[in-house]
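Contents: one structure, followed by commentary.
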Amino acid sequence: MEAPFLLLILVMSSLLVQNTVELATFSSRLIHRFSKEYKEVSVSRGGDVNGTWWPEKKSKEYYQILVSSDLKRQKLKLGPHYQLLFPSQGSKTMSLGNDFGWLHYTWIDIGTPHVSFMVALDSGSDLFWVPCDCVQCAPLSASHYSSLDRDLSEYSPSQSSTSKQLSCSHRLCDMGPNCKNPKQSCPYSINYYTESTSSSGLLVEDIIHLASGGDDTLNTSVKAPVIIGCGMKQSGGYLDGVAPDGLLGLGLQEISVPSFLAQAGLIQNSFSMCFNEDDSGRIFFGDQGPATQQSAPFLKLNGNYTTYIVGVEVCCVGTSCLKQSSFSALVDSGTSFTFLPDDVFEMIAEEFDTQVNASRSSFEGYSWKYCYKTSSQDLPKIPSLRLIFPQNNSFMVQNPVFMIYGIQGVIGFCLAIQPADGDIGTIGQNFMMGYRVVFDRENLKLGWSRSNCEFPGISYV
């Protein structure tokens, strides 16, 4: 008898709860983001109203901000305007050898009338800068370089009708707090990983000239406003042949070119680069890669997604997968070679040395630790190198060595890896060879697929 009575109580309790829920009314107040009440809420939560600009209600600035916000929302709803974008002179990239630090470059047009610049592609930094109103810049004459057939350019904001000053009060002016006057031009100064290498000058806004491409679409010209570093003074490697005509920062931060293109609704928030062994390649803005590509998630650095860092779980040399060989690394097209944390480097190098059938040697002028003698007629089989990412996604390095040439041809080779100074390594351009590498900023992941850098069905220059 007790069980049916208990069941009856449970059923009645359930009905009572349902009726109570049906009778309940939930409400919340809507507060406008520029209202007085919101200011008070912001202060109560530790916000700094004095450091935040609040437009006067019903003023011109008030309506301009609201309309700008509405337009951004409309762009998000409509989706990207173009499937792919690339520099107006073509999607091709090229490496010009030792003269230019073995990096990949592309030609890009800036301003009105446009001026062409041969800029290095750098996924490890954010700012797009070019030599400008030079105080200390690299030589720009073609006669200074063995592989150039035309002079490099110098940008001058005063000569471009579409150039605009970027003031110290602009939200993307990092050095704004150091300015004496918020209306003065925003200065910038960036120190890069390479010792004593830097660029400094002023930030300006101008347009870059791009072309669109995609499946069965005709190419059309696109003028996209971006922030550019007017690089008045360079130092270190930037005076010795590395990026003499500027650097195209492709990083995750708001000031990078991919960020501007995505925020404007022009493309999906992604881009790809592809590098071939013959020193050719391509770059596409908006490319999210094929559905069949493998991928790995980007990792946070100090709690934030600030750059393209991935985590490798296991390294395999030949058929031997090494224990405790995990590491994190920045994926950086602006670095020619690959650097791994010291303990992982030694583990891989020693296993490589065990497996390779060649005599260890050293060559004058080469700082690599693991080098070997050989000849064109007696090239040994090179052990493979494979990186395993989460969910067993695998990245096979196409060529983990580089050849050393003498008068008679090949005289040796070296393992193209160096030990890194810190705990985070760098996957450089040499490991990206033979792949279409996709920096999917929208989904915060790195994608890759084997490619010869020719994309069937896509219209591009």
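The values are calculated or read from the model by the stated rules, or taken from the named source; none is laboratory data. All figures in this text were calculated on a predicted structure; none of them were measured in a lab. Surface accessibility is based on the protein's heavy atoms, side chains included, excluding ligands, DNA and RNA. Shrake-Rupley method; radii C 1.70, N 1.55, O 1.52, S 1.80 Å.
Things to note:
- Column: log10 I(q)/I(0), Debye, Cα scatterers of segment 251-300, q = 0.18, 0.19, 0.23, 0.25 Å⁻¹: -0.72, -0.79, -1.00, -1.06
- Counting only protein heavy atoms and a probe of 1.4 Å, the accessible surface of segment 194-309 is 49% carbon and sulfur.
- Three-way shape call for segment 225-315 based on the alpha-carbon gyration tensor, with the a/c threshold at 1.5: rounded
- Prolate/oblate/rounded label for segment 311-461 (Cα gyration tensor, a/c 1.5): oblate
- Over all Cα atoms in segment 284-395, the spread is summed up by Rg and Dmax: 16.8, 52 Å.
- Look at the Cα gyration tensor of segment 161-256: its axes a ≥ b ≥ c give a/c of at least 1.5 with a/b at or below b/c, and that counts as oblate.
- Around the amide H of LEU202, modelled in the peptide plane, lie the amide H atoms of TYR188, CYS230, MET232, all under 5 Å away and 5 or more residues distant in sequence or on another chain.
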